[in-house]
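Report on one structure; see the data block that follows.
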Amino acid sequence: MANKTLFSSIKSKFVRTDTYNEAGGRAYKFTPKHALAQMAATGCFNGVYYASAQSQLDEMHKLIAQVDDNVFLAKLAVYARERAYMKDMPAALLVILSKRDTELLHRVFDRVVDNGRVLRTMFQMIRSGQFGRTSLSSSLQRAFQRWLNEASVGKLLSASIGNDPSLRDILRMARPTPKDNARRALFGWLTDKETEKWAPATEADLPAQVQDLIAYRQADTAEAQALILSDLSVRWDLLADAAKGPLVWKAIARQMGPQALRMNLNTLLRHEALAGGKADREMVDYVADRIADADAIRRSRQFPYQFLAAYLNASAEVPQKIKAALHQAAEIACGNVPELPGPVVIGLDTSGSMGCPVTGFRGRGAATKMRCVDVAALFAAAILRRNPDSVVIPFDTRAYGVRVDPGDTILSLSERLARCGGGGTDCSIPLREANTKHRKRAFAGCVLVSDNESWVYRNRPWAYGAQGATGVMDEWKTFVANQKRLGVSSPKLVCIDIQPYGSTQAPERADILNIGGFSDAVFNVVASYLGDDAGRFVAEVESIEL
């Protein structure tokens, strides 16, 4: 007889791990395409809990070398920008395409570079030499020239905000040929330098929007600035440096859209636009009403994530009415979260590594206040709000009991969930809890929100998973069997990874979906998968039409 240990029939029921994660625990390696897609949806090229910024860049180069499908890279760049709302990764993928397929580069350039910040990010990456070039190739130069000539005046003015690199640097290297005198004068004004190419234009040729901006900056009084602002429509950033006091800042606030207001509450407070008095109370009412405008939130399909970010960053001095408006807006935004086909077990990782800033460490004072655990808690709270029969299980090396009050707002609930735990990581716990305490309840599946760095049993492999599998797969087998006894024909496991690591605790297969990202698009992917949509994460990327 052959070796029974080696050829035991039980082995066919478990998939052996094939790698170790960054925390040292056993894990399953993603395919190169999936790992690259995971990184594109979560990577910010900043240090995270288990990986440095340089190691992420090295891993991206390694994965791209293994993916010879340039169409996939182009689609991934579009997916990362349009659906995952990332900036750095799509820009990096465009630079790679500029060396591998210039025709594809031009097909997707304008969809990925949809604003000046992404243009400047891409230019910075090129000059860094990290991608094998330090200047614009002729193909890249044509793409940059086209963008600079076709961008609206407002978009070019917005692109001029920021330095290192500045729009001036880009104009001087790309050297676009202006399409008319107005554009020629605008390029000359943006570069602060008369060149032979742009010299024929005069200040009178500048677009009216720019002439009004110049007049605003040169105005002697706050009253004069406020009067000019009534007819001037540009980004508030272009107005801030020259603003002469609270009167002007209130006028600026009335020009901001709901998103700009939400993101700049502390700025308005600092410049006394919300300080006190009757006029300021009117401004507080205005800001609160704009933030919680139900029609605008539904029309723009905003999700709760954006309001949590504003709530976490709001100064303690921000008026309570505005904070209440953020809670109200998040509740309205929950209506944009899709309803799942049935209740689910929601595993919420609250381990120590989840305390890392969701966009990574960027140096002293530069990291976002939004932590991985905050994002994970918000996902859990939003799913629970739309699917109230679901069960949330916060965990690290054990499960935590959290009281869920129906009267809680989604922001207060997510804040309370995020306070649990802080220890090691055992991703099998939510399933183990479901298999014991909730074994008599039927669930459509389990949604695990984590950084997937399970490691607690790395020194005790016999206590981890059967036959070399992970603990998650061990418990998932029991969960599936139990749910089928309860009449659920095809329960599914969704692993949402919100950090750019290249492994998972459950391998990709028909009943398991691994998805990366912390954007609002994740909700729709989860809902479609649990609703028996055949689409998967990589397929979601490949479904992009170029």
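What follows is calculated from the coordinates using simple rules that are stated; it is not laboratory data. What you see is a predicted model; the values in this text were computed from it and never measured. Reconstructed Cβ throughout: ideal geometry from the backbone, glycine too, with neighbour counts over all protein chains shown.
Sorting 120-129, 315-324, 220-229 by their mean Cβ neighbour count within 10 Å, with the most densely packed peptide first, gives 120-129, 220-229, 315-324. Here the stretch 202-336 is treated with +1 on each Lys and Arg Cβ and -1 on each Asp and Glu Cβ, and its dipole about the Cα centre works out to around 560 debye.
Got the relative contact order for the stretch 74-197 handy, in percent, Cα pairs under 8 Å and 6 or more residues apart? Numbers along the way, then the final one.
Working: 122 pairs, mean separation 24.7, N = 124.
Answer for the stretch 74-197 is 20 percent.
Which of the peptides 293-300, 167-174 is most tightly packed, and how do the rest follow, going by the mean number of other Cβ atoms within 10 Å of each residue?
Details: 293-300: 14.1, 167-174: 19.0.
Ranking, from highest mean packing down: 167-174, 293-300.
Rounded to two decimals, the Cα radius of gyration of the stretch 79-147 over 2.2 N^0.38 Å is 0.98. Modelled spin labels at residue 31 and residue 484, positioned 7 Å past Cα toward Cβ, are 2.5 nm from each other. Taking 7 Å steps out from each Cα toward its Cβ at residue 281 and residue 441 produces label points 4.6 nm apart.
Report the FRET efficiency, 1/(1 + (r/R0)^6), for residue 111 and residue 152, where r is their Cβ-Cβ distance and R0 is 22 Å, rounded to 0.05.
Details: r = 16 Å, r/R0 = 0.74.
The value I calculate is 0.85.
Expressed in Å, the radius of gyration and Dmax of the Cα atoms of the stretch 69-198 are 14.3, 45.
Shown here: the stretch 202-336, whose C-alpha atoms stretch 51, 33, 21 Å along the first, second and third principal axes, sorted largest to smallest. Ranked by the mean number of other Cβ atoms within 10 Å per residue, highest first, peptides 413-420, 65-72, 425-432 order as 425-432, 413-420, 65-72.
The slack between residue 134 and residue 315, meaning 0.36 nm per residue of separation minus the straight C-alpha distance, is 61.0 nm. Expressed as a fraction of 2.2 N^0.38 Å, the C-alpha radius of gyration for the stretch 376-442 is 1.10. Given 10 °C and 1.306 mPa s, compute D for the stretch 373-412 with the Stokes-Einstein relation, Rh being the Kirkwood radius over Cα pairs; round to the nearest whole µm²/s. The Stokes-Einstein estimate is 147 µm²/s.
Across the stretch 203-328, Cα pairs under 8 Å and at least six residues apart give a relative contact order of 20 percent. Taking label positions 7 Å along the Cα-Cβ direction at both residue 510 and residue 294, the computed distance is 4.4 nm, reported to one decimal.
The ranking of 153, 522 from fewest to most other beta carbons within 10 Å of each one's beta carbon is 153, 522.
Just subtract the alpha-carbon distance of residue 182 and residue 103 from 0.36 nm times their residue separation and send over the number in nm, one decimal. Before the final figure, lay out each step's value.
Details: separation 79, 0.36 × 79 = 28.44 nm, distance 3.05 nm.
Stretched fully, the residue 182-residue 103 segment lengthens by 25.4 nm.
The calculated FRET efficiency for residue 164 paired with residue 545, based on their beta-carbon distance and R0 = 41 Å, is about 0.70.
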